[in-house]
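Okay, so here's the structure we're looking at.
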Amino acid sequence: MMSIPVRSGYRETLAINPDGGRLDRKILISYNQLDFLIRRRGESAHREAIELIPMALRKPTAIFEGIRDQGIKGLCYVCLPECRYTGRTDVVSQPRESNRCFCVYVDDDGVIIEWRWDECDGKTGFPLAYETRFVRRAL
């Protein structure tokens, strides 16, 4: 198990470890990043952080390793939640669009660098072009 020291300004959470499928990988999320995204995208980003990020990290549809477009060895956790959140101030829960998957991108140090809705393949539920976007499917 990779040991990540808790850093000031970060919150620690657990994720499925692609090496063995156990819930023992420590992941960090920056409070500054969370504040920035809430200011930019509104309260829906806060609801995603509270509900959808833990879902992706703990019950992923797939985990991909090696994020080619960012040039890092990091991981991409993918899930297919039943709902999505919209709204800057008044958050509304709506059904997930069938051509979208929720992705959480984690860097080599175990820090969440981004989360977003990506277009997905309707058959697999994986992000479009996952074969070229990532080095390999880890889980």
Q: Give the residue that is surrounded by the most Cβ atoms within 10 Å (Cβ to Cβ), with candidates limited to residues of the stretch 63-84 that are over 15 Å from residue 128 (Cβ atoms) and among the β-branched types (Val, Ile, Thr).
A: 63
(Q) Filter the stretch 105-135 down to the residues that are closer than 14 Å to residue 72 by Cβ and outside any loop (DSSP other than H, G, I, E, B) and list them by number. (A) 105, 106, 111, 112, 113, 114, 133, 134, 135
Q: Would you check if there is a residue in the stretch 119-136 being closer than 27 Å to residue 31 by Cβ and among the charged types (D, E, K, R)?
A: no
Q. Counting only residues that are hydrophobic (A, V, I, L, M, F, W, C) and more than 13 Å from the chain's Cα centre (by Cα), which one in the stretch 35-61 is surrounded by the most Cβ atoms within 10 Å (Cβ to Cβ)?
A. 37
Q) In the stretch 81-104, what count of residues is obtained for those that are assigned to a strand (DSSP E or B) and either within 14 Å of the chain's Cα centre (by Cα) or not aliphatic (A, V, I, L, M) (or both)? A) 12
(Q) Checking the conditions here, which among 97, 82, 131, 114 is without any contact (Cβ under 8 Å) to a residue 24 or more places away in the chain, among the charged types (D, E, K, R) and more than 26 Å from residue 21 (Cβ to Cβ)? (A) 97
Q) What are the residues in the stretch 42-72 that are touching a strand residue (DSSP E or B) at 6+ places or on another chain (Cβ under 9 Å) and not in a helix (DSSP H, G or I), if any? A) 42, 59, 60, 61, 62, 63, 64, 65, 66, 67, 72
Q | Output for the stretch 10-33, where each listed residue is assigned to a helix (DSSP H, G or I) and either more than 15 Å from the chain's Cα centre (by Cα) or farther than 27 Å from residue 128 by Cβ (or both) | A | 31, 32
Q. Looking at (1) closer than 16 Å to residue 112 by Cβ; (2) modelled with pLDDT of 90 or more, which is the one condition that is false for residue 21?
A. (1)
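The values are calculated or read from the model by the stated rules, or taken from the named source; none is laboratory data. Quantities reported herein were computed from a predicted structural model and do not represent experimental measurements. Positions of Cβ are generated from backbone atoms using ideal geometry, with glycine treated the same way; all protein chains shown enter the neighbour counts.
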